[in-house]
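All of the numbers you see were taken from the coordinates with simple rules; none came from a lab. No experiment lies behind these values; they were computed from the predicted model shown. Neighbour counts are summed over all protein chains in view; Cβ atoms, including those assigned to glycine, are modelled from backbone coordinates with ideal geometry.
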Amino acid sequence: MTKDQTRLAIIFSLTYIVFCAIVSVFPYEYYDSDSSCYSSISQKLAYRPVQTWCAPQWWGHGGNEGLFQDHPPGILWLPAILVRLGIKGSVAALCANFFYILLSLYFVFKLAKFWGEAAFGWGAVFGFVLTPIFLQYLIRANQEHPLNLAIVAGIYGLARSRESLGYKVLFIVALVFAVFIKGMSALILSMLAVIYWLVVSRNRKTFSLIVFAHLIAFGAIFLFELWYKGITHTSFLQAYLAFQGGRSIGAVFHPDRRIYSLLWYSARALWFSSPWVLFLFYGIWRSKKEKPGLFKDPFLCFLLISALGIVLFFSLSDRKADRYIFPAYLLLTLVGVRVLLKTKPKVADFLGRREKYLPLYLSLGLVVFAFLRIFFHSRLYRFIRFWPD
């Protein structure tokens, strides 16, 4: 490990410790139902035998009893481990999410740097941090940040998969992780992997890796189903697919609902990835006026097609929630930052001159935002939303 890598590791380790200390010391109450649910169940799961961790129960949360089958239990495992390690139960799920956030920001940097220079990496990280969706979800205990981690780490692993076995393993692990974190939403990573192959790589080895990774993921699902049946004598997959399928797809196809859903998700995509997504429109205007060839950039095309694909995919569902298209916000932010740096080279130069201090600025900014998020959370929940659910 180089001197700079050691410095980064120290800065972000301290940031993580401060994060956990903040939510441990300052009063915090879960207002969103998902965070409350996963925190409550993971605390109880921590005191159950590990061999039964495949089958958590509701244990009375929200008045519910019986097996918890809304999602795979992966989101519960790290908080339960932290509880066993001595972390206060009420904040263990938040500490787990802080870990996912910092790790996802690391892979955002690595992916962006791979397709540009360090300036694009830091621009991507700061851009995502300075979006409404990141600030709103900074202190949560649900699946959005770990799913983002799986997606950005998976795409990074796929992008570099021809370099070494380690990157191939990273893509496979990311896909399996996505499955156990949010079940069917792992299809987002599947879709993005295929788009990456079509737009960027177009080689047989990358396609073979995508197929092989999905075979491994199906194998992991099969083994989990055997584990679950061995503990509960019931099928998790049957209950989960029936529950999610029934909630997502209406009995009758209504074109007007699909159009409304598309407009609904498009509006969220534009708002929650602001202000950076606005540079996309600036780039379109510049392309028509000066023809700088922006949209011949394969990575930019991949990001844009992937974000649109996620919005279209969830527009087919009867269910609507800001969080469902969470990865699209990151992708659109990267689109905007990439256009900004390509059209305004002085911004890239500015970041390059300050690269040594950017990790410290990021760390301090995250801590300040955590304090502000708790302050506004306690007094004006969902302070960034300006419309009703």
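What relative contact order, as a whole-number percentage, does the chain give when Cα pairs under 8 Å and 6 or more residues apart are counted?
Working: 474 pairs, mean separation 75.9, N = 389.
Value for the chain: 20 percent.
Which helices count as membrane-span-like in the chain under these terms: full DSSP H, at least 30 Å along the axis by C-alpha, Kyte-Doolittle mean of 0.5 or more? Show your work: numbers first, answer last.
Values: long enough: 3-25 (33 Å, 1.31); 89-114 (38 Å, 1.53); 204-232 (42 Å, 1.12); 358-379 (31 Å, 1.44).
Those that pass (Cα extent of 30 Å or more, hydropathy at least 0.5) are 3-25, 89-114, 204-232, 358-379.
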Residue among L103, S273, G293 farthest towards the positive dipole end of the chain, charges placed on Cβ: G293
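Taking 22 Å as R0, compute the FRET efficiency from the Cβ-Cβ separation of Y47 and F222 and round it to 0.05. Provide the component values of the computation, followed by the final result.
Working: r = 29 Å, r/R0 = 1.31.
Calculated value: 0.15.
Counting only C-alpha contacts under 8 Å and six or more residues apart, can you give the relative contact order of region 143-242 as a whole percent?
23 percent
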Computed over region 1-123: relative contact order in percent, which uses C-alpha pairs under 8 Å that are six or more apart: 25 percent
Just report the Cα centroid separation between region 1-55 and region 94-113, whole Å. 13 Å
State the answer as a single residue: which of F177, I305, F369 lies farthest towards the positive end of the charge dipole of the chain, with beta carbon charges of +1 for Lys and Arg and -1 for Asp and Glu, about the Cα centre. I305
Size of charge dipole - the chain - debye, nearest 20, with Cβ of Lys, Arg +1 and Asp, Glu -1, no other charges: 1120 debye
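Ranked highest first by the average count of other Cβ atoms within 10 Å around their residues, in what order do 270-277, 118-125 fall?
On the way: 270-277: 20.8, 118-125: 23.4.
In descending order of packing, they fall as 118-125, 270-277.
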Please give the residues of region 10-35, grouped as numeric ranges, whose backbone N is less than 15 Å from a label point set 7 Å along the Cα-to-Cβ vector of F375. 26-27
Among S190, L149, I231, whose Cα lies farthest out toward the positive end of the dipole of region 143-242, if unit charges sit on the beta carbon of Lys, Arg (+1) and Asp, Glu (-1)? S190
Within region 22-55, whose backbone N sits under 19 Å from a point 7 Å along Cα→Cβ of E65? 41, 44-45
Mind checking the full-extension length gain between R354 and I10? Use 0.36 nm per residue of separation minus the Cα-Cα distance, one decimal, nm. 122.0 nm
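Can you show me the helix-derived [θ] at 222 nm for the chain, built from DSSP H runs with n ≥ 4 at -39,500 (n - 2.57) apiece and divided by the number of residues, rounded to the nearest 500.
Working: 17 runs with 274 residues, N = 389.
After summing the helix terms and dividing by residue count, I get -23500 deg cm²/dmol.
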Estimated distance in nm for a label pair at E29 and F212, the labels positioned 7 Å out from Cα along Cα-to-Cβ: 5.3 nm
Would you kindly state how much longer the chain becomes between W264 and K288 on full extension, computed as 0.36 nm times their sequence separation minus their alpha carbon distance, in nm to one decimal? 5.8 nm
If amide hydrogens are placed 1.01 Å from N in the peptide plane, which non-local residues have theirs closer than 5 Å to the one on W59? G66
Over the chain, with a Gaussian network built from C-alpha contacts below 10 Å, which listed residue (L102, L263, L366) shows the highest mean-square fluctuation? L263
Residue exposure sequence - Y100, Y31 - by fewest surrounding Cβ within 10 Å: Y31, Y100
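Taking the beta-carbon count within 10 Å as an exposure proxy, list R140, R338, R202, R323 from fewest neighbours to most.
Details: R140 22, R338 27, R202 11, R323 19.
Least crowded to most crowded, the residues run R202, R323, R140, R338.
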Taking only the alpha-carbon positions of the chain and ignoring solvent, what does the Debye formula give for the base-10 log of I(q)/I(0) at q = 0.09, 0.12, 0.14 Å⁻¹? -0.54, -1.01, -1.41
Mean shadow area of region 50-162 over all directions, Cα convex hull, nm²: 9.2 nm²
Extended-chain gain in nm, criterion 0.36 nm per residue less alpha-carbon gap, D256 and L187: 22.3 nm
